[in-house]
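Visitor: Have a look at this one.
The values are calculated or read from the model by the stated rules, or taken from the named source; none is laboratory data. It should be emphasised that the depicted structure is a prediction, and the values quoted were computed from it without experimental measurement. Don't worry about glycine lacking a Cβ; one is built from the backbone with ideal geometry, like all the others, and counts go over all protein chains shown.
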Amino acid sequence: MIDVINFISNLAMPFIILIIVFYGFLEKKEVFDKFLEGAKDGIKIVVNIFPTLIGLFLAVGALRNSGIIDIAIRLIEPILHFVNFPSEIMPLAILRPISGSSSIAIATDIMKNFGVDSQIGIMASVIMGATETTLYTIAVYSSSVKIKKTRFVLIASLTADIVGIIASVVICRFLS
Amino acid sequence: MLNFIWPIFIILSFSYAIFSGNLQNLNSGIFESTESAVNLSITMLGTMCLWSGIINVATNTKIINIINKLLKPVIKFLFPEIKHNTKAQNEISMNMVANILGLGNAATPLGLKAMETLQEENEHKETLSNSMIMLIVLNTASIQIIPTTIIAIRSSLGSENPTAIIVPVWIATICAGIAGISITKLLIKYSKKRKNV
């Protein structure tokens, strides 16, 4: 099973590139020129979002390194405890929308401590698979087109995150 | 939004670090974060250019028409405002395909290209349009067939069944997606109503 899935996930990217280039070649398009044209746009996009990345990483890194995130977790703990949310998962649930790299680190840590195949370990995995780094996505997408007013996008995506995290916990409880 | 969140993050964590005597950590953290932002951008520069190039080839062939036909009902429902903008439709379709296949590296450049195209017909250049919000929400809820990163982590930690999470991930991500789409649709409706009054 794992071999098949590994094969499919390894196949996805080469397969897409192959199909696209092959089709372009068959249709006698100037494939390489078109590729270069597009690739040039890529540089512009990265240059546009680079300042955002610096700012965002600085703020999130400070949040993590100052230890204030632990205080936040301690403040929210009683509420989550009240609704029977597993406290082991909490740091992950809080950091997941904010920082991709630190949520991967925390998830790995949880899996190591509680066992990869334990209920908590599986919960952490499902949360990681089912959600995204919301703040980063919003910041990068908005700043790439120099937009400042983001209206209700944060509320909408955080709702999706919260529902995803709750669903992960419920499903994993149901399974085991 | 970030004009509010960013200073709050900085003020809270910097002042907390000063009062709790955690300055050494904070100092090393500052340099680490700028460094990792540079590293990420350099890695990104490669994949970004690669996928922007590939999509440009794709949009010049008939493949994009096939994908568009398949995704048309979905796009029509989610992005009713871009009926006549085939370029934006193309890019959003490719972004969806990349997300579903779990190609995060490819999804971002494709999504950002779509943002650029949507910005062209955006009436208020400093404000997100409805279609942009939907695109962002879809990308934060990332529905994917194979969650590659987490499977890789699980098998590196010696899991007996690294792929056991796939179906639970599908269910959770679909719940998240439905929640995100419904609330976005609702809030779009609400903001329209308020404008009319």
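Visitor: Going by the structure shown, is A:ALA62 closer than 30 Å to B:SER13 by Cα, small (Gly, Ala, Ser), at the interface with another protein chain (Cβ under 9 Å from one of its Cβ atoms) and under 20 Å from the mean Cα position of the chain (by Cα)?
Guide: Numbers: closer than 30 Å to B:SER13 by Cα: yes; small (Gly, Ala, Ser): yes; at the interface with another protein chain (Cβ under 9 Å from one of its Cβ atoms): yes; under 20 Å from the mean Cα position of the chain (by Cα): yes.
Answer is yes for this residue.
Visitor: Would you say A:ALA160 is facing another protein chain (nearest Cβ under 7 Å), part of a helix (DSSP H, G or I) and more than 12 Å from the chain's Cα centre (by Cα)?
Guide: It is true that A:ALA160 is facing another protein chain (nearest Cβ under 7 Å), part of a helix (DSSP H, G or I) and more than 12 Å from the chain's Cα centre (by Cα).
Visitor: Taking region A:118-139 as the region of interest, how many residues are more than 7 Å from every other protein chain (Cβ to nearest Cβ) and touching a Ser or Thr at 6+ places or on another chain (Cβ under 7 Å)?
Guide: Residues flagged as more than 7 Å from every other protein chain (Cβ to nearest Cβ) and touching a Ser or Thr at 6+ places or on another chain (Cβ under 7 Å) within region A:118-139 amount to 4.
Visitor: Test of understanding: among B:LYS83, B:LYS125, B:LYS192, which residue is more than 8 Å from chain A (Cβ to nearest Cβ), among the basic types (Lys, Arg) and in contact with a helix residue (DSSP H, G or I) (Cβ under 8 Å, 6 or more places away or on another chain)? Before you say what the answer is, go through the steps one by one.
Guide: Details: B:LYS125 fails: more than 8 Å from chain A (Cβ to nearest Cβ); B:LYS192 fails: in contact with a helix residue (DSSP H, G or I) (Cβ under 8 Å, 6 or more places away or on another chain).
Just one listed residue meets the conditions, B:LYS83.
Visitor: Inside region B:154-177, can you point out the residues that are at the interface with another protein chain (Cβ under 8 Å from one of its Cβ atoms) and under 18 Å from A:ALA156 (Cβ atoms)?
Guide: Scanning region B:154-177 gives B:ALA172, B:THR173, B:CYS175, B:ALA176, B:GLY177.
Visitor: When residues of region A:1-26 are filtered for being facing chain B (nearest Cβ under 7 Å) and surrounded by 12 or more Cβ atoms within 10 Å (Cβ to Cβ), how many remain?
Guide: 12
Visitor: Could you tell me whether any residue of region B:46-53 is closer than 26 Å to B:VAL169 by Cβ, of a type in the set (S, T, N, Q), part of a helix (DSSP H, G or I) and at the interface with another protein chain (Cβ under 9 Å from one of its Cβ atoms)?
Guide: yes
Visitor: Sort out which residues of region A:27-53 are surrounded by fewer than 17 Cβ atoms within 10 Å (Cβ to Cβ), of a type in the set (Val, Ile, Thr) and within 8 Å of chain B (Cβ to nearest Cβ), and write them in order of number.
Guide: Within region A:27-53, just A:ILE43 meets the criteria.
Visitor: Which count do you get for residues in region A:141-157 that are part of a helix (DSSP H, G or I) and more than 13 Å from the chain's Cα centre (by Cα)?
Guide: Here the count works out to 8.
Visitor: So which residues in region B:135-177 are buried (at least 24 other Cβ atoms within 10 Å of the Cβ) and farther than 18 Å from B:LEU101 by Cα?
Guide: Matches in region B:135-177: B:ARG154 only.
Visitor: Test of understanding: among A:SER157, A:SER118, A:SER102, which residue is of a type outside the set (Lys, Arg), modelled with pLDDT of 90 or more and either crowded, with 24+ Cβ neighbours inside 10 Å or under 28 Å from B:THR184 (Cβ atoms) (or both)?
Guide: Step by step, each of A:SER157, A:SER118, A:SER102 is checked, and only A:SER157 is of a type outside the set (Lys, Arg), modelled with pLDDT of 90 or more and either crowded, with 24+ Cβ neighbours inside 10 Å or under 28 Å from B:THR184 (Cβ atoms) (or both).
Visitor: In addition: Take the conditions more than 9 Å from chain A (Cβ to nearest Cβ) and farther than 30 Å from A:PHE57 by Cβ and apply them to B:ASN68. Does it pass?
Guide: Working: more than 9 Å from chain A (Cβ to nearest Cβ): yes; farther than 30 Å from A:PHE57 by Cβ: yes.
In short, yes.
Visitor: Wholly within region A:5-109, which helices (runs of 4 or more DSSP H) include no fewer than the required count, namely at least 1 residues that are closer than 30 Å to A:ILE165 by Cβ, of a type in the set (S, T, N, Q) and without any contact (Cβ under 8 Å) to a residue 40 or more places away in the chain?
Guide: Hits in region A:5-109: A:31-65.
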